[in-house]
Amino acid sequence: MSGIVFFATERLSTVVPFYTDEVSAEVWLEQEGCTVLRHGNFLFGFCDRDEADTCGTVTFYYDDRDAVDEMYDRLADRARGPPRENEEYDIYQFFADDPEGRTVEFQTFLHSIPAV
């Protein structure tokens, strides 16, 4: 079974290029007023609406610290701070803001995880 997380957006023409150009997501499906993106096994979409959904955190995880550092280098101007270890969850992470102010997290697990 698969799923898609959708967000309402007031700025479809700005938000989609952020995720495709800056985060390297791919357009998976275009529908009238909605774009569904894919990043690995993560499907998420944005639909043009009168009000934006900006609650929650959109998290992308990577295989190692180097990949997180690379994303930080790409998004340093949007980052809330440099990558750091989070001992509580045993991850290496940083947070940034997308063009509408959604929280976007980039992380790697510092412990073994099950295959997806």
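Give the residue that is surrounded by the fewest Cβ atoms within 10 Å (Cβ to Cβ), with candidates limited to residues of segment 61-86 that are in a helix (DSSP H, G or I) and in contact (Cβ under 8 Å) with a residue 40 or more places away in the chain. Spell out the reasoning first.
From segment 61-86, those in a helix (DSSP H, G or I) are 65-75; that's our starting set.
Going one step further and asking which of them are in contact (Cβ under 8 Å) with a residue 40 or more places away in the chain, we end up with 65, 67-68, 71, 74-75.
Working: Arg65: 14, Ala67: 16, Val68: 22, Met71: 22, Arg74: 16, Leu75: 19.
So the residue we want is Arg65.
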Residues in segment 1-32 that are modelled with pLDDT of 95 or more and among the small types (Gly, Ala, Ser) total 4
How about segment 104-116: which of its residues are part of a strand (DSSP E or B) and either of a type in the set (Val, Ile, Thr) or over 13 Å from the mean Cα position of the chain (by Cα) (or both)?
-> Val104, Thr108, Phe109
Just for segment 87-103: of the residues that are in contact with a Lys or Arg (Cβ under 8 Å, 6 or more places away or on another chain) and outside any loop (DSSP other than H, G, I, E, B), which one is surrounded by the fewest Cβ atoms within 10 Å (Cβ to Cβ)?
-> Asp97
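If I ask for residues that are aliphatic (A, V, I, L, M) and part of a strand (DSSP E or B), which ones from segment 9-38 would you list? Outline the logic, then answer.
Just the residues of segment 9-38 that are aliphatic (A, V, I, L, M), to begin with: 12, 15-16, 23, 25, 27, 29, 36-37.
Listed by number, the residues that qualify are Val27, Leu29, Val36, Leu37.
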Note on Asp90: of the conditions (1) more than 19 Å from Ala25 (Cα to Cα); (2) in contact with a helix residue (DSSP H, G or I) (Cβ under 6 Å, 6 or more places away or on another chain); (3) not polar (S, T, N, Q), unmet is (2)
Is one or more of the residues making up segment 18-26 touching a strand residue (DSSP E or B) at 6+ places or on another chain (Cβ under 6 Å) and in contact (Cβ under 8 Å) with a residue 60 or more places away in the chain?
-> yes
Collect the residues in segment 41-56 that are modelled with pLDDT of 95 or more and loosely packed, with under 14 Cβ neighbours inside 10 Å, keeping them in residue-number order.
-> Asp50, Glu51
Tally time: how many residues in segment 96-116 are closer than 21 Å to Ala25 by Cβ and either among the basic types (Lys, Arg) or in contact (Cβ under 8 Å) with a residue 24 or more places away in the chain (or both)?
-> 13
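The values are calculated or read from the model by the stated rules, or taken from the named source; none is laboratory data. Only a predicted model underlies this, so the values are computations on that prediction, with no experimental measurement involved. Ideal geometry is used to build each Cβ from the backbone, glycine not excepted, and the neighbour counts take in all protein chains shown.
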